[in-house]
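Take a look at the structure below.
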Amino acid sequence: MNQTYKSKISWWLFGSVFGLLLGFLVVGIWQSAWLAVAILGAVELFLLRLFTNTYYRLTPDMLYIVCGWPQQPIPVASIKRVAPSNSPASSPALSFDRLEISYNKYDSVLISPADKAGFLVALQQLNPAIQISLP
């Protein structure tokens, strides 16, 4: 049972960041600042990759959190608690409508699956001992 859940995206966040950088890119082209254009172009491509390749994959034993290129594996058996969060902390979540996953003894990560209910049901089926707090 491998299931993949795309990240929910706050389009206003994506649009404002991408738009601001695109504006700087246009100014760099207009001013012939080619080094700045190259750097801003690379940053735009990196951000585009993050926004198009952030997802969460559940396997029978693991939760893989993929954000851009790296992936963070978390054993499903180590997950203790899942609770809603709207923390602005940096995380592999593209929305502020987040879930905080507490695992091991002191570790936690924030994610934002688009299908939050489906994700929670699948996670609970894999590990019924997980405490799920809903608002």
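Rule-based calculations on the coordinates, nothing more; no lab input. What you are looking at is a predicted structure, and each value in this text was computed from that prediction instead of being measured. Glycine gets a Cβ as well: all are built from the backbone with ideal geometry, and neighbour counts include every protein chain shown.
What do you get for Rg/Rh over the chain if you use C-alpha atoms and the Kirkwood form of Rh?
The Rg/Rh ratio comes out at 1.09.
Between Pro73, Pro92, Pro113, find the one with the highest GNM mean-square fluctuation for the chain; connect C-alpha pairs within less than 10 Å.
Pro73
For the modelled label position 7 Å from the Cα of Asn127 along Cα-to-Cβ, which residues of the stretch 67-85 have backbone nitrogen atoms closer than 11 Å?
Residues 74-82 qualify, since their backbone N sits under 11 Å from the label point.
Measure nothing but the geometry: give the 0 to 90° angle between the long axis through the Cα atoms of 116-126 and the longest principal axis through the Cα atoms of the chain, rounded to 10°.
Once rounded, the angle reads 40 degrees.
Give the distance, in whole Å, between the Cα centre of the stretch 33-93 and the Cα centre of the stretch 98-135.
16 Å
Tell me, what is the FRET efficiency for Asp97 and Val27 to the nearest 0.05, using R0 = 30 angstrom and their Cβ-Cβ distance as r?
With R0 = 30 Å, the Cβ-Cβ based efficiency is 0.35.
Kindly list the residues of the stretch 95-123 that lie in the label zone of Arg81, defined by a backbone N under 16 Å from the point 7 Å along the Cα-to-C-beta vector.
Only 99-111 fall inside the zone, counting backbone N under 16 Å.
Please arrange Tyr64, Tyr55, Tyr106 by how many other C-beta atoms lie within 10 Å of their C-beta, fewest to most.
Fewest to most other Cβ atoms nearby, the residues stand as Tyr106, Tyr64, Tyr55.
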